[in-house]
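A.B. asks: Structure incoming, see below.
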Amino acid sequence: MERTLSIIKPDGVKKGLIGEVIGRFEKAGLKVAAMKMIHMSKKEAEGFYAVHRGKPFYGSLTDFMSSGPCVVLILEGEKAISRNRELMGATNPKDAAPGTIRKAFAANVEQNIVHGSDAPETAAYEIGYFFNALEICS
Ligand code: DAT
Ligand code: MG
């Protein structure tokens, strides 16, 4: 059993894809263990993406992530981290495999609908960034 942090980014929410994306997670057998809608400030988006500080796209990425509400979720299941990444597809939708969320819906490498943790350590940091223990239902 593993947990991962997923975000339906502001473009996904604006495009009306909350139900579509969560439906894909559930159909794949990932369970929603926590969920909420939030509108991050620029500072909160910068803290979330601190690992990318200094990269050329950091300013634009954190502007985008604070441009509107997101849905943040904890997904739970066997190999949840890698299975979520498979459902998402590659960061750039041009490289994403057919049938993935990003291939189907993403506009470009920045506005790519979903976030997913990439390793156990980042999942733990990212889950703790948004949720406390009382908000997580196993
Ligand atoms: P992922 O979201 O697939 O884990 P990442 O961690 O490398 O990808 O980057 C985080 C986000 O930053 C990504 O979802 C979109 C943005 N990003 C990454 N590379 C970018 C680039 N070359 N130009 C613009 N935005 C980029
Ligand atoms: Mg990443």
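A.B. asks: Considering only the other residues whose Cβ falls under 12 Å of the Cβ of G128, what net charge follows from Lys and Arg at +1 and Asp and Glu at -1?
C.D. replies: Residues close to G128 contribute a combined charge of -2.
A.B. asks: So how compact is segment 72-111: Cα radius of gyration and Dmax in angstrom?
C.D. replies: Calculated on Cα positions, Rg and Dmax stand at 10.7, 30 Å.
A.B. asks: Turning to a different aspect of this structure: For the pair H52/K94, report the inter-label distance in nm, with labels modelled 7 Å from Cα in the Cβ direction.
C.D. replies: 1.7
A.B. asks: Continuing with the same structure: Using a/c under 1.5 as the rounded threshold, could you call segment 1-50 rounded, prolate or oblate? The axes a ≥ b ≥ c are square roots of the C-alpha gyration tensor eigenvalues, and prolate needs a/b larger than b/c, oblate otherwise.
C.D. replies: Judged from the Cα gyration tensor, segment 1-50 comes out oblate (a/c at least 1.5, b/c at or above a/b).
A.B. asks: Per residue, what volume in Å³ does the convex hull of the Cα atoms of segment 57-138 enclose? Mind dumping the intermediate values first?
C.D. replies: On the way: hull volume 9.4 nm³, N = 82.
Dividing the Cα hull volume of segment 57-138 by its residues yields 115 Å³.
A.B. asks: Which value at 222 nm does the chain reach when only helices count, each DSSP H run of 4 or more adding -39,500 (n - 2.57), with the total divided by all residues and rounded to the nearest 500 deg cm²/dmol? Walk me through the intermediate numbers first.
C.D. replies: Values: 7 runs with 55 residues, N = 138.
Only helices count here, giving -10500 deg cm²/dmol.
A.B. asks: Under the Kirkwood approximation for Rh and a Cα-based Rg, what ratio Rg/Rh is obtained for segment 94-134? Walk me through the intermediate numbers first.
C.D. replies: Working: Rg = 13.4 Å, Rh = 12.0 Å.
Rounded to two decimals, Rg over Rh is 1.11.
A.B. asks: In addition: With the chain treated as a Gaussian network of Cα nodes joined by springs under 10 Å, which of F25, F57, F48 yields the largest mean-square fluctuation?
C.D. replies: Highest fluctuation of the listed residues: F57.
A.B. asks: Show me the ranking of peptides 87-95, 129-137, 39-47, 72-80 by mean Cβ neighbours inside 10 Å, starting with the highest.
C.D. replies: Details: 87-95: 16.8, 129-137: 12.2, 39-47: 15.0, 72-80: 20.9.
Highest to lowest by the protection proxy: 72-80, 87-95, 39-47, 129-137.
A.B. asks: Also, quick follow-up: Given a cut-off of 29 Å, name the pairs among K42/K79; K15/K36; K27/K55 whose C-alpha atoms lie farther apart than that in the structure shown.
C.D. replies: K42/K79; K27/K55
A.B. asks: Counting only protein heavy atoms and a 1.4 Å probe, tell me what percentage of the chain's accessible area is made up of carbon and sulfur.
C.D. replies: Answer for the chain is 57 percent, counting heavy atoms of protein chains only.
A.B. asks: For segment 20-109, what is the convex hull volume of the alpha-carbon atoms per residue, in Å³?
C.D. replies: So the per-residue hull volume is 113 Å³.
The values are calculated or read from the model by the stated rules, or taken from the named source; none is laboratory data. Note that the coordinates shown come from a computational prediction; the quantities given were computed from them, not determined experimentally. A quick note on method: Cβ atoms are made from the backbone with ideal geometry, for glycine too, and the neighbour counts reach across all protein chains shown. In case anyone asks, the SASA skips ligands and DNA or RNA and just uses the protein heavy atoms, side chains included. Shrake-Rupley method; radii C 1.70, N 1.55, O 1.52, S 1.80 Å.
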